[in-house]
Amino acid sequence: MAGGICGKPIQVGWEERPPYHYQGRDGRPAGYSVELLNQAAARIGCRLAYRQIPWSRTLQELKLGTVDVAMQALKTPEREAYACFVPGYSSSLVRLWARGDRAAHWPVSQLQDLGKLGMVRLGVTHGDSYGDTWDRWLKAPPGMVRIDPGETLAGSLRKLQLGRIDLLLASMDTLPNELARLPQQPAIVALSPAWPIGGAFYVFSKRSVSPELCQAFAGALRDMKHDGVVGRLYRSRFNIAYPGP
């Protein structure tokens, strides 16, 4: 099908977000999302070209059509305006993270508590979505909450360790792997509440990718779920059953 529905290599933007996408020992992109996308592309005869760029820039280039695909994205109305979403392939939770020696200072049991604890410097990753509830809240946080957007999760984690932010909002999928790359002290711990944010998607630029190609990938991934490929790959990466139908 190369030269037909695909025509030319599909440009995939990615950054280090283990275990979903990271640089393998051979220098090429690896991880659950990468392997799944590679297999889907092979099924429909497409070639992929990976470009390692920051997440916020990936989204911007997706709008412009200079990047064709982004991985592990949540669905938002803003993104739906410029991207075609291929059905989710994993589910996720977001949590608040704090320094272990300061965790007791933040008795958060629900989102509304954040406006009642005095001044809070809350770190987020620029361009990330945290699900509908959090995304709405972040647009108009309480006056005592100062949002600190970082370019990378690793950078925000380091800010948390150094005391430059008080709390960090991040998913259970990516933060533990990033944390393993940083100094062990001061320790970083998750606060008790967790918020489900639904499934993650591959997103295709509406400017550079035809609806037919987007649907071809959707069909390939749907078939891979039905024939057990997704479940086997997920278990091999995470050692648990695939969390979805």
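Just so you know, all these numbers are worked out from the coordinates, no wet-lab data involved. This one's a predicted model, so the numbers in the text were calculated from it and none came from an experiment. All Cβ positions, glycine included, derive from the backbone under ideal geometry; neighbour counts span all protein chains shown.
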Checklist entry - Given H placed 1.01 Å from N in the peptide plane, which residues other than close sequence neighbours of residue 173 have an amide H under 5 Å from its amide H? => result 93
Checklist entry - Under a Cβ-Cβ cut-off of 12 Å, what is the net charge of the residues other than residue 128 that fall near it, where Lys and Arg count +1 and Asp and Glu count -1? => result -2
Checklist outcome for this item: Expressed in Å to one decimal, the Kirkwood Rh of the stretch 92-197 from all distinct alpha-carbon pairs is 13.7
Checklist entry - How much net charge surrounds residue 19 when only other residues with a Cβ under 9 Å from its Cβ are counted (Lys, Arg +1; Asp, Glu -1)? => result +1
Next on the checklist: What does the charge count around residue 111 come to, taking other residues whose C-beta lies under 15 Å from its C-beta (Lys +1, Arg +1, Asp -1, Glu -1)?
Outcome noted: +1
Next on the checklist: Please report the projected area of the chain's Cα convex hull averaged over all directions, in nm².
Outcome noted: 13.4
Checklist entry - If you look for lysine pairs in the chain that are eight or more places apart or on different chains, how many of them have Cα atoms under 25 Å apart? => result 12
Next on the checklist: Under a crude label model (7 Å from the Cα following the beta-carbon direction), how far is residue 181 from residue 44 in nanometres?
Outcome noted: 3.0
Checklist outcome for this item: Of all trypsin sites (Lys or Arg not before Pro) in the stretch 123-185, the ones in DSSP coil with at most 14 other Cβ atoms within 10 Å are 164, 181
Checklist entry - So what's the gap between the Cα centers of the stretch 81-143 and the stretch 28-53, to the nearest angstrom? => result 30
Checklist outcome for this item: quick note, the stretch 92-197, DSSP beta bridge pairs, % antiparallel (nearest 5) is 55
Next on the checklist: From the helices alone, meaning DSSP H stretches of at least four residues, give me the mean residue ellipticity at 222 nm for the chain, per-run term -39500 (n - 2.57), in deg cm²/dmol to the nearest 500.
Outcome noted: -9000 deg cm²/dmol
Checklist outcome for this item: Counting every C-alpha pair in the stretch 33-135, the percent lying more than 24 Å apart is 41
Checklist outcome for this item: Quick calc of log₁₀ I(q)/I(0), the stretch 182-245, Debye, one scatterer on every Cα, no solvent, q values 0.11, 0.14, 0.15, 0.17 1/Å, result -0.48, -0.69, -0.75, -0.85
Item to check | Fraction of antiparallel bridges per DSSP, the chain only, in percent to nearest 5 | outcome: 60
Item to check | Long-range HN-HN contacts of residue 198 with modeled amide H, under 5 Å | outcome: 92
Item to check | Principal axis dimensions, largest first and in whole angstrom, of the stretch 98-151 by Cα | outcome: 29, 22, 18
Checklist entry - Once amide H atoms are built 1.01 Å from N in the peptide plane, which residues 5 or more positions from residue 123, or in another chain, come under 5 Å H to H? => result 148, 166, 167, 168, 169
